[in-house]
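This report concerns only the one structure given below.
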Amino acid sequence: MTLQPIAIPQSVKANPLSPREIDLIDQTNDRIEAFMLADSAVIETFVPCDFQWLAQCLEWIDQQGLAAGTRFCELGSGFGVAAMMAALRGMTAVGIEIESALVVQSNRLADDLGIAARFYCGTFVPSSMARSLASSREVNHIAAGGNDVYDTTGIAFNEFDLFFAFPWPGEHEFYESLVDTCAASGALLLTYGERAGMKLFRKP
């Protein structure tokens, strides 16, 4: 593994949120509550992250000029908050999610709020990595195989400059390996864990 960690200072938590970010978080929380209370089947792998901290980290990355470009990808996008926050900062932002119901929700939310992020249904694992994922016994919540969704997005995995992911416990290493293997030099990976917090890495 060659990814280089970048320390995120605790002071980012003092960064104020913009009115549009606050509205996005409020709207998302309301829709998540309604979604979870609906009669639809429970999606056990859907767990929201700390949206405020996420916005503050994205603001810090922007302030520091750390991203090599303006293309953003949310890996396992859920309701798509990370991609929408990136879009609010002028990035070309997409989210990839295996659960079609969540793709519908995220695209609807982006449309309703006038945010130019787009969301696609499929696995975020490039076809070149599908075989190694299938042989892994440590990754239980990530699907692989089928059509390569990056053909639909029109942006190849190695053309994104900043990735965000919320790995399940024990899966952080896979996400890091994915970016290390498939992303371009200079790409950033921001991850969130309920215990680990926000972590940032750069591919040299």
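The values are calculated or read from the model by the stated rules, or taken from the named source; none is laboratory data. Since the structure is predicted, the reported quantities are computational estimates derived from the model, not experimental observations. Glycine also receives a Cβ, built like all others from the backbone with ideal geometry; neighbour counts cover every protein chain displayed. Side chains are part of the model used for accessible areas, which takes the heavy atoms of the whole protein and leaves out ligands, DNA and RNA. Shrake-Rupley method; radii C 1.70, N 1.55, O 1.52, S 1.80 Å.
The residue that is surrounded by the fewest Cβ atoms within 10 Å (Cβ to Cβ), among those in the stretch 92-116 that are more than 15 Å from the chain's Cα centre (by Cα) and among the β-branched types (Val, Ile, Thr), is Val104. Only one of the numbered conditions (1) at pLDDT 95 or above; (2) over 14 Å from the mean Cα position of the chain (by Cα); (3) not in a loop (DSSP other than H, G, I, E, B) is violated by Ser132, and that is (1). If you take the residues of the stretch 173-200 that are open to solvent by 30 Å² or more (accessible area, probe 1.4 Å) and among the hydrophobic types (A, V, I, L, M, F, W, C), which of them is nearest to Tyr150 (Cα to Cα)? For the stretch 173-200, the residue satisfying everything is Ala184.
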